[in-house]
Amino acid sequence: MIFTEFIVSNGGVFFGGLGIAIAVFLSGIGSAIGIGIVGQAASGLIIEEPDKFGRSLVLQLLPGTQGLYGFVIGLLVLGQLDAGMSLAHGMYLMAACMPIGFVGWQSAIAQGKVAAAGISILAKNEEHSTKGIIYSVMVETYALLAFVISLILVNAVSF
Amino acid sequence: MAIVKMNEFSLFAFDSVKEDLLHELQKFEYVHFTNLGVDETLSELGLKNVRVPESLMEIDDDINNVSYAISVLSKFHIKPKGIKAMQEGVKTYTFNELEEQALSIEYKEILGEVDTLWKRMESLKLEKEKAKARLSELKPWKSLDVSISEINGFSKAEIFTGTVPKKLKERFSEEMTGFENTYYEVVEEDKDNLYVVAMSYGEEVEKALDSLRNTSFSKVIIQGEEKPAQEMEKNNKRIEELNSQMGDVEKSIREMTPEIPRLELVYDYLSNKKLRTAAAENFLSTENVDVIKGYIPTDKADEFENNIRDRLQNIYYMEMKEAERDSDDTPILLKNSNFAKAFESLTGMYSMPKYSEVDPTPLLAPFYLAFFGMMAADVGYGLIMLIGTLFVLNKFNLKENTRLFVKFFYYLSFSVIVWGFLYGSLFGGIIPLPGLFEPAEDYNTLLILSIIFGLIHIYFALAIKAYVLIHNGKVKDALFDVGLWYLALTGAIVYLLNIVVTLPEIVKTISLVVMIVGMVGIVLTGGRDAEGLGGKIGGGIYSLYGMSGYVGDFVSYSRLMALGLAGGFIAGAVNMMAGMVAGSGVLGFIGAIIIFIFGQTFNLGLTLLGAYVHAIRLIFVEFFGKFYEGGGKRFSGFRSKPKYINLK
């Protein structure tokens, strides 16, 4: 009984903090993997054509935004964190962090793969490399939707 | 609208004047040839493909040589760096100027000279490599104080020079003991090998050789005459000599680098010449007469005809008519105002319109402008863009495409500033501005605003679809495919609005009726092209299912709010971090400035990139998806795209 009482009286801030962690680390991991995938593909290109560094960097940056969305959500939740907050509030904030955490994680990886394929457009037909960027941005839509929902959730209910 | 009207022409002229004619046409520029080689009806009439003259190969060779010489010279050319170089930028020439200047350049001489110098350089390099290799071969034998010719010059005794693996060192010294007429010496040791000189006489030679073989001795023949140390000295001298010779050659090449701009001119001239010579591939001919077909802009038709008449002195036959509206072969040339021209790259990126469509550029430009601004939305970022682009546009000589791209961002910067004021954001709120919205709190208002933008955007797209259909005489299609959708969508939206806001009962009823009328209409007409009753009904229902796509479209516009907010929050976070360190003394203050500059620059780049591509997505998917087909051919003027200059 004592343990549950402890959770009830102190769990709020813990779950809120856990939410921040989830939003930041999942989307961050995804972005890191995504950027890594593109970076590997781009390095192969730069050996032959170092002039294309700038454009390849744009492609590499694309899967990086998920991590930033997660970071922003984490920052917003951080603003609401308080040592005495209720358990329900903390768990709610954690739930609010879930969409950007999970969608950010997986979509960044998928986006990284598309962007890596975009590197081959850059290699063979530089003029059309913007099209590779747009393909990759199609994936990001879903991370954006998750971000919007997380954002609304964080602010929607006041405790 | 802004697709340039085209005339289609067929020209018959004598083959003998072909080159003159082509030259004239290239000066005129605005000609797009139709490839007649693929037209089977014409070849069945006995017309033959024009043989491309052999001079084409020669031109190709020249182009390759010129670009090779440019690349060689560029290796030794110290480019003027930074802003000054960009200010100088590319020069603009008219076609006549280019031709005159290029013809006055004796480029073959320059090419020959560069080639000789470069070949000399290569051979010197090769020799140097060889000398270096000799040097490393000799190195282990350096302490051998006998001249090499002496070693090789014994008549009775045998001398062995070579290496023994180091791990067999002990075994080697065991094996080599007990000889009478054999002597050996370890000259040098490195990490793997012992370098050994052994000498044997008479009957012992075979035995000594066996012992050596037992210890994996491998023979090395030392090249040269004198003592190894002297030989090395000789090689070192040779390398020095080669170095100074290479320096001389390099100097001569460097002296030739001022020729680079001239060679670049020649390159662009030759590319045009190649295009001109190769253009004949598009023609057909009888024995003496060439058949040429193509397109020219209608407003240049008179000029075109005059030019040809002057050049061919009336010995030709030409037919000209307006290009057919529905023909997919008509090439597309876009003509837009200064403002819309900057957005043509977006249209080109998707696809050129068909001749029967409208040019979407001026239609998408205002939306793109608004969307971009809403997603970037920061007064500071906007000002940086504005000042940067203004500086570049006024101070630098840019290639035409680059200039348009910079201009594109120049226009966008205004929108970013305006939205920045609306959001009250300057570098993420470093100086508080009174804004119309407080993004962190009014995100719901912004979300609704985004969706309303989406609504306007999509309704506008449908309106364009109707316009094109009516313009092409398909009034019924416009009514069914656009009118009914308007009814269904508007009805549905107003009806659903009831859930959020209370509207008068009468509005609710009307909207419901309108929605149902629209939907029933769509089911009835959506499958009208399908065969059979089942197909028509199925097609109709499937059309109505398309409604779900509209939900997705509207939601997609939420990115307008999301990206604007994300950018603002990240900028705010940078400021927060800078603020945290700013408090702790002078060092802290410097750190804060570094964090601020680095963080904001990073966010600026990311925000602009995000706004650029996401606005493109909204245009390509949500907007173009409603009305735009594209797939037109780009009008390729009779000029090759210059690589080093601007051609007027």
Exercise for review: Would you calculate the separation in nanometres between label points at B:Val146 and B:Glu505, each defined as 7 Å from the Cα along the Cα-to-beta-carbon direction?
Suggested key: 12.5
Practice item. Name all residues of the range B:183-200 having a backbone nitrogen under 18 Å from the label point set 7 Å from the Cα of B:Asn214 along its Cα→Cβ direction, giving them as ranges. Key: B:183-185, B:198-200
Practice item. Among B:Thr445, B:Ile159, B:Met577, flag the residue with its Cα farthest along the positive direction of the charge dipole of chain B, charges on Cβ as +1 for Lys/Arg and -1 for Asp/Glu. Key: B:Thr445
**Study point:** All-pairs Cα distance distribution in the range B:153-221, expressed in whole percent, bin size 5 Å
**Key:** 3, 18, 32, 26, 14, 5, 1
**Study point:** MRE, 222 nm, helices only [DSSP H, n ≥ 4, -39500 (n - 2.57), over chain B, to nearest 500]
**Key:** -20000 deg cm²/dmol
Practice item. Compute the FRET efficiency between B:Asp39 and B:Ile448 as 1/(1 + (r/R0)^6), taking r as their Cβ-Cβ distance and R0 = 45 Å, and round to the nearest 0.05. Key: 0.20
Point to revise | Those trypsin sites (Lys or Arg not before Pro) in the range B:115-166 that DSSP places in a loop and that have at most 13 other beta carbons within 10 Å | key: B:Lys156
Practice item. With a Förster radius of 35 Å, plug the Cβ-Cβ distance of A:Leu78 and A:Phe3 into 1/(1 + (r/R0)^6) and report the FRET value to the nearest 0.05. Key: 0.80
Check your understanding: Considering amide H positions built from the backbone, and no H for Pro or chain starts, which residues 5 or more places from B:Ile332, or on another chain, come under 5 Å of its amide H?
Key -> B:Lys633, B:Arg634, B:Phe635
Review point. To the nearest 20 debye, what is the magnitude of the charge dipole of chain B about its Cα centre, counting +1 on the Cβ of each Lys and Arg and -1 on the Cβ of each Asp and Glu?
Key: 2160
Study note, to complete from the structure: At 10 °C in a medium of viscosity 1.306 mPa s, the range A:10-156 has a Stokes-Einstein diffusion coefficient, with Rh taken as the Kirkwood radius over alpha carbon pairs, in µm² per second, of 101
Exercise for review: Could you tell me which of rounded, prolate or oblate describes the range B:195-333, using a ≥ b ≥ c as the square roots of the eigenvalues of the alpha-carbon gyration tensor, with rounded for a/c under 1.5 and, failing that, prolate when a/b is larger than b/c and oblate otherwise?
Suggested key: prolate
**Study point:** Shielding by partners, peptide A:59-68 (average Cβ within 10 angstrom, other chains)
**Key:** 3
Practice item. Can you tell me how much longer the chain between B:Thr601 and B:His23 gets when fully stretched, taken as 0.36 nm per residue apart minus their C-alpha distance, in nm with one decimal? Key: 203.0 nm
Review point. Of the residues A:Glu126, A:Glu140, A:Glu48, which exhibits the maximal mean-square fluctuation in a Gaussian network model of chain A defined by a 10 Å Cα contact cut-off?
Key: A:Glu48
**Study point:** Given charges at Cβ of Lys, Arg, Asp, Glu: the range B:500-648 dipole, positive-most of B:Met561, B:Leu503, B:Ala530
**Key:** B:Ala530
Check your understanding: From the residues B:Met121, A:Ile2, B:Ile541, which one has its Cα farthest along the dipole of the protein assembly as shown in the positive direction, the dipole being from +1 and -1 charges on Cβ of Lys/Arg and Asp/Glu about the Cα centre?
Key -> A:Ile2
Exercise for review: At 0.36 nm per residue, minus the direct Cα-Cα distance, what do B:Met547 and B:Ala440 gain on full extension? Give it in nm, one decimal, please.
Suggested key: 35.3 nm
Exercise for review: Set the Förster radius R0 to 41 Å, insert the Cβ-Cβ distance between B:Leu135 and B:Glu180 as r into 1/(1 + (r/R0)^6), and round the FRET efficiency to 0.05.
Suggested key: 0.65
Check your understanding: Let a ≥ b ≥ c be the square roots of the eigenvalues of the Cα gyration tensor of the range B:351-509; is it rounded (a/c under 1.5), or, if not, prolate (a/b larger than b/c) or oblate?
Key -> oblate
**Study point:** Cβ crowding within 10 Å averaged over residues, with B:638-644, B:148-154, B:585-591, B:340-346 ranked highest first
**Key:** B:340-346, B:638-644, B:148-154, B:585-591
Check your understanding: What is the spread of the Cα atoms of the range B:461-550 along each of their three principal axes, largest first, in whole Å?
Key -> 44, 32, 21
Practice item. For every helix of n ≥ 4 consecutive DSSP H residues, a contribution of -39,500 (n - 2.57) applies; sum these over chain A, divide by its total residues, and give [θ] at 222 nm rounded to the nearest 500 deg cm²/dmol. Key: -31000 deg cm²/dmol
Practice item. Report, in debye and to the nearest 20, how large the dipole of the protein assembly as shown comes out about its Cα centre when Lys and Arg carry +1 and Asp and Glu carry -1 on their Cβ. Key: 2180
Check your understanding: Which three semi-axes in whole Å describe the equivalent ellipsoid of the protein assembly as shown, each the square root of 5 times a Cα gyration tensor eigenvalue, listed largest first?
Key -> 65, 48, 26
Practice item. Using the Cα centre as the reference, give the magnitude of the dipole from point charges on the C-beta atoms of chain A (Lys, Arg: +1; Asp, Glu: -1; all else neutral), rounded to the nearest 20 debye. Key: 180
Study note, to complete from the structure: hull vol. (C-alpha, convex hull) per residue for chain B, Å³ -> 348
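Taken together, the values in this text are just the output of simple stated rules run on the coordinates, not laboratory data. Owing to the predicted nature of the structure, the values given are computational and were not obtained by experimental measurement. Every residue, glycine among them, receives a Cβ derived from its backbone with ideal geometry; neighbour counts consider all protein chains shown.
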